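Working notes, structure below.
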Amino acid sequence: MPHQRFPKVEILSIQPHEIQFLLSDTDTSMANALRRIMIAEVPTLAIDLVEFHENTTVLNDEYIAHRLGLIPIKYTPPDSMGGGDCNGAFLPHRECVCYERCPRCCVEFELDVNFDATIRERQVPEHERCLPFTITSADLRSSNDLVQPAHFLSLEEEGASHDQGISIVKIGPGQHLKLKAIARMGISKEHAKWSPVAVATYRFYPIININEEACSTLTQEQKQQLVDVCPDRILEIDAVSGKIVVSEHAWETATFTEDLKITQSAMKKRPEDDDFITVEHSTDRFIFSVEGTGAMDAEEIVMSSLRVLKDRLHYLGNMIEALKESGM
Amino acid sequence: MNAPERSAAFLLDEDNGEEKVTYASDTKVSNAGTFTFNKEDHTLGNLVRMQLLRDPNVRFAGYKIPHPLVHQIDLKIQTISSTLAPIDVLLNAVEDLGDETDTLNREAEDAIERWKKENNAGGMGQF
């Protein structure tokens, strides 16, 4: 149709918990919309209701319930390995036709840890029997095998950690924690526990222009000064020609500081002369960096946010058409 | 005590007759009107407004959120002639955005697949 743009995506790196990509040929409004959706409107699972049967720990019920809610819950689709989009697999609680809860809209977790029983089981030596241990997310037993708490962000973290998972509460002699937790699907607009990302951000791609004519009037020391004054090291002196060139990784490290401008205005013969080097924001290229919490794989978060945007626009289009049909 | 339910930020209150979109034609300016979107925020507001500004048939396009505690957008559109109504321009803009999102979706999927293939992710490249 008339004024459609054709955006391009170039992946810079993908790890299970983080993705970096370049989005180009589109506007800040689209980049910002994607960022906002990734943070606030991608549906995920999180514990929403907790029934306490027994709590003699040092933390009170609502404190533990709050901590349980913030544990990232990973849904693994049947044919894949990592955290996936839970949108198709579960219904939002409000839309489900069941009376209170059912496997279609909820996942039940059970936790039952008794200090004394656990100490007996583990056969802890005599002198260590009164030392407290931590109840972690690993003690949560899920009713649905495809849904598990995301204990660690990545395999490296799992290897480096001393814990079995996310710590919930520390328990000591004579204490017992028994509860049933129900996880539901929701979006971050309702509560931040449903946010799939830790950080979803974008920076502008830098456009660095070097005015060759003006630069040729500079002495070698002045050129070196310009190169050194940038804290983000975006410039280099070319070994062969002695000219200032943009360094290869400039787009990664650029931070758009004012140092270059200030130094240049001191070097200029007249204030109204052109700058030797300008660094500007690009208005149509963005470097996205999305870091997940472990509940969903980073690339799944991006694909899910695109799906959410598409569904919203589709719904909006239908509503506007209906308004037009009804004669306003 | 007075805090509204968090879900009121994104769920339409249909029981009280809240509609997603309403339109009010501008009485003092020709070819202009204001659309009110309920339960929307800057995510769609800015996106639709920027797309409208790219359309040469649009003389004026602007959006505002009248009050930060009420989740509503007012989008005012004025077209350059009476042959094209604001609602038509808006429909075109939303459709274009939908197509752009489809393109992005395809691009992102392809880019991810290409990257995975090149980098042999997922335990496939050990043979």
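Overview of values
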quantity: Residue in the range B:68-90 that is under 19 Å from A:LEU309 (Cβ atoms), out of contact with any strand residue (DSSP E or B) (no Cβ under 6 Å at 6 or more places or on another chain), surrounded by fewer than 16 Cβ atoms within 10 Å (Cβ to Cβ) and of a type outside the set (Gly, Ala, Ser) present; calculated: no
quantity: Hits in the range A:134-165 (condition: surrounded by fewer than 16 Cβ atoms within 10 Å (Cβ to Cβ) and either among the charged types (D, E, K, R) or modelled with pLDDT of 90 or more (or both)); calculated: A:ARG141, A:SER143, A:ASP145, A:LEU146, A:GLU156, A:GLU157, A:GLU158, A:ASP163
quantity: Residue in the range B:99-110 that is touching a residue at least 40 places away in the same chain (Cβ under 8 Å), closer than 18 Å to A:ILE320 by Cβ and surrounded by 14 or more Cβ atoms within 10 Å (Cβ to Cβ) present; calculated: no
quantity: Among (1) more than 13 Å from chain A (Cβ to nearest Cβ); (2) part of a loop (DSSP other than H, G, I, E, B) - the single one B:LYS76 does not satisfy; calculated: (2)
quantity: Flag for B:ASP41 being under 14 Å from the mean Cα position of the chain (by Cα) and either open to solvent by 30 Å² or more (accessible area, probe 1.4 Å) or facing chain A (nearest Cβ under 9 Å) (or both); calculated: yes
quantity: All positions within the range A:189-201 that are within 13 Å of A:THR293 (Cα to Cα) and part of a loop (DSSP other than H, G, I, E, B); calculated: A:SER195, A:PRO196
quantity: Those residues of the range B:14-29 which are surrounded by 12 or more Cβ atoms within 10 Å (Cβ to Cβ) and either part of a loop (DSSP other than H, G, I, E, B) or not aliphatic (A, V, I, L, M) (or both), in sequence order; calculated: B:GLU18, B:GLU19, B:LYS20, B:THR22, B:TYR23, B:SER25, B:ASP26, B:VAL29
quantity: Filter pass, A:CYS96 being without any contact (Cβ under 8 Å) to a residue 60 or more places away in the chain, under 24 Å from A:LYS189 (Cβ atoms), open to solvent by 10 Å² or more (accessible area, probe 1.4 Å) and in a loop (DSSP other than H, G, I, E, B); calculated: yes
quantity: Candidate set from the range A:6-31 (those that are within 22 Å of B:GLU40 (Cβ to Cβ) and open to solvent by less than 40 Å² (accessible area, probe 1.4 Å)); member that is farthest from the other protein chains (Cβ to nearest Cβ); calculated: A:ALA31
quantity: Any hit, the range B:46-69, residues being in contact with a helix residue (DSSP H, G or I) (Cβ under 8 Å, 6 or more places away or on another chain), part of a helix (DSSP H, G or I), more than 7 Å from chain A (Cβ to nearest Cβ) and small (Gly, Ala, Ser); calculated: no
quantity: Wholly enclosed strands (runs of 3 or more DSSP E) of the range A:215-298 bearing at least 2 residues open to solvent by 70 Å² or more (accessible area, probe 1.4 Å) and closer than 17 Å to A:TYR205 by Cβ; calculated: A:277-292
quantity: Search result, residues across the range A:307-328 that are closer than 12 Å to A:MET38 by Cα and either more than 11 Å from chain B (Cβ to nearest Cβ) or surrounded by fewer than 21 Cβ atoms within 10 Å (Cβ to Cβ) (or both); calculated: A:ARG307
quantity: Test: residue in the range A:201-211 that is over 30 Å from the mean Cα position of the chain (by Cα), open to solvent by 60 Å² or more (accessible area, probe 1.4 Å) and modelled with pLDDT under 85; calculated: no
quantity: Near pairs, Cβ below 9 angstrom, 6+ apart or cross-chain, from the range A:55-84 (closer than 17 Å to A:LYS180 by Cβ and open to solvent by less than 60 Å² (accessible area, probe 1.4 Å)) to any residue that is among the hydroxyl-bearing types (Ser, Thr, Tyr) and part of a loop (DSSP other than H, G, I, E, B); calculated: A:ILE64/A:THR57
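The values are calculated or read from the model by the stated rules, or taken from the named source; none is laboratory data. Everything quoted here is computed from the prediction, not taken from an experiment. With ideal geometry, Cβ positions are generated from the backbone for all residues, glycine too; neighbour counts draw on all protein chains shown. Protein only, heavy atoms only, side chains kept; ligands, DNA and RNA dropped before computing areas. Shrake-Rupley method; radii C 1.70, N 1.55, O 1.52, S 1.80 Å.
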